[in-house]
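Let me begin by presenting the structure, written as structure tokens, before commenting on it.
The values are calculated or read from the model by the stated rules, or taken from the named source; none is laboratory data. Fair warning: this is a prediction, and the values are worked out from it, not measured in the lab. Accessible surface is based on the protein model in full, side chains and every heavy atom, while ligands, DNA and RNA are left aside. Shrake-Rupley method; radii C 1.70, N 1.55, O 1.52, S 1.80 Å.
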Amino acid sequence: MTGQLIARVLLAGLCGLQGLGTLAADLNHTHATNPEWPGHARFHLVWQASAFAWLALLEIVLIFGGGPFHEQRFYLAAILAGLPMLGFFTAFIGRRIYRGTLSDPNGIPPANLTIMNWQLRVDLSLVAETGVAFVLAAIIALYRHSSVAR
């Protein structure tokens with residue numbers, strides 16, 4: 001198995017997890033069916049989650065679909081996979097402007113860590129999005145390295 005094929009399989013897996021993970025995280029009692037959320041907010045959430053799932057499917061088709069431009073399709077899929085992360089970090093950075101919070105009192109709470117008697121609250125979405133961004137960068141690096149090695 002070549003490095004490029006490994007990178008393509010890894011990127012497709014990341015895209016699939018991104019699409020399914022968004023559906024799993026958002027289409028449940030803490031989000032989309034949360035009775036304490038306004039109906040319009042739930043509508044936007046389901047819209048976003050379904051758009052990410054369709055986007056993930058498109059990315060996988062770009063990666064494994066037949067025809068020319070394999071390299072360009074790989075990079076397009078990688079860019080598309082990065083867009084939801086870019087959106088997350090945009091919302092994260094700008095949350096004070098619109099009074100947004102990373103968690104909801106009746107949703108998934110942040111993890112509480114104690115490090116040398118120092119209390120730290122860590123939002124799991126922030127950890128996941130940061131980790132996935134690094135994984136995406138590593139997959140692109142593997143693909144690029146494999147392309148140069150040819």
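Below are the figures for this structure:
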quantity: Tyr98 accessible area, 1.4 Å probe, all protein chains in place, Å² to nearest 10; calculated: 130 Å²
quantity: Computed accessible area, Leu83, all protein chains, 1.4 angstrom probe, square angstrom; calculated: 90 Å²
quantity: Part-to-part distance (alpha-carbon centres) for region 122-137 and region 25-51, which is given in Å; calculated: 22 Å
quantity: Three semi-axes of the equivalent ellipsoid, region 67-150, Cα gyration tensor, whole Å, largest first; calculated: 35, 17, 9
quantity: Principal axis dimensions, largest first and in whole angstrom, of region 20-71 by Cα; calculated: 49, 17, 12
quantity: The chain - convex hull of the alpha-carbon atoms, volume per residue in Å³; calculated: 146 Å³
